[in-house]
Amino acid sequence: MKRAAVLLSAILLSACTQLSAEKVERVITLRGPGERQVEVSVEIVESSEDIENGLMFREGLANGHGMLFRFDPPREEAFWMKNVSFPLDVIFFDAGNEFESVQTMVPCTDPCPIYRSIGPIRAALEVPAGFTAANGIRPGWKIEEPID
């Protein structure tokens, strides 16, 4: 009986680990003036817990990859770098999916600085630091619909 309980516990733990490891990923397009565009492979984050955890305790983020935070309804948001060991750009997109602002966030120790959107946002995209400048992403750019 004890052996069956241990086996059942191991199976349940494995299932929980697999569920938490399953992330919703897709490719999104950022569009700039003219024909300019950049594709980013993103992990989509919506739940309060996932938003709070963000990229904490990860080892890094490959170029061309990111984490997309979605907010419905749009609202002012703030980010920090607690337990994140690599620098990031956070790009804020307003309710119309237009570029609002970008900030470069750096690893920190307590107390960590807070990085805020200027106004209500519909989405925030975290990418490796320097990605925004390297791709010329600035006012006039949009995150392509749908981001659902």
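The values are calculated or read from the model by the stated rules, or taken from the named source; none is laboratory data. Since the structure is predicted, the reported quantities are computational estimates derived from the model, not experimental observations. Glycine also receives a Cβ, built like all others from the backbone with ideal geometry; neighbour counts cover every protein chain displayed.
For region 84-121, taking the residues that are charged (D, E, K, R) and assigned to a loop (DSSP other than H, G, I, E, B), the one that is nearest to Val40 (Cα to Cα) is identified as Asp94. In the set (1) more than 19 Å from Ile118 (Cβ to Cβ); (2) touching a Leu at 6+ places or on another chain (Cβ under 6 Å); (3) among the hydrophobic types (A, V, I, L, M, F, W, C), Ile91 fails one condition alone, (1). Flag set for Val45, criterion: in contact (Cβ under 8 Å) with a residue 12 or more places away in the chain, within 20 Å of Glu25 (Cβ to Cβ), touching a helix residue (DSSP H, G or I) at 6+ places or on another chain (Cβ under 7 Å) and crowded, with 18+ Cβ neighbours inside 10 Å. All of Val106, Val45, Val102, Val84 fail the test of being of a type in the set (Val, Ile, Thr), within 12 Å of the chain's Cα centre (by Cα) and on the phi < 0 side of the Ramachandran plot, apart from Val45. Is one or more of the residues making up region 102-118 touching a residue at least 60 places away in the same chain (Cβ under 8 Å) and surrounded by 14 or more Cβ atoms within 10 Å (Cβ to Cβ)? No, every residue in region 102-118 fails to be touching a residue at least 60 places away in the same chain (Cβ under 8 Å) and surrounded by 14 or more Cβ atoms within 10 Å (Cβ to Cβ). Among the conditions (1) assigned to a loop (DSSP other than H, G, I, E, B); (2) within 12 Å of Val127 (Cβ to Cβ); (3) in contact with a strand residue (DSSP E or B) (Cβ under 6 Å, 6 or more places away or on another chain), the only one that Met81 does not satisfy is (2).
From Glu59, Glu43, Glu49, grab the single residue that is assigned to a strand (DSSP E or B) and not aliphatic (A, V, I, L, M). Residue meeting the stated conditions: Glu43. For region 119-148, a residue qualifies if it is more than 19 Å from Asp72 (Cβ to Cβ) and crowded, with 20+ Cβ neighbours inside 10 Å, and the qualifying residues are Val127, Phe131, Thr132, Ile137, Trp141. Here Phe71 passes the criteria (1) under 23 Å from Glu25 (Cα atoms); (2) modelled with pLDDT of 95 or more; (3) aromatic (Phe, Trp, Tyr) except the one numbered (2).
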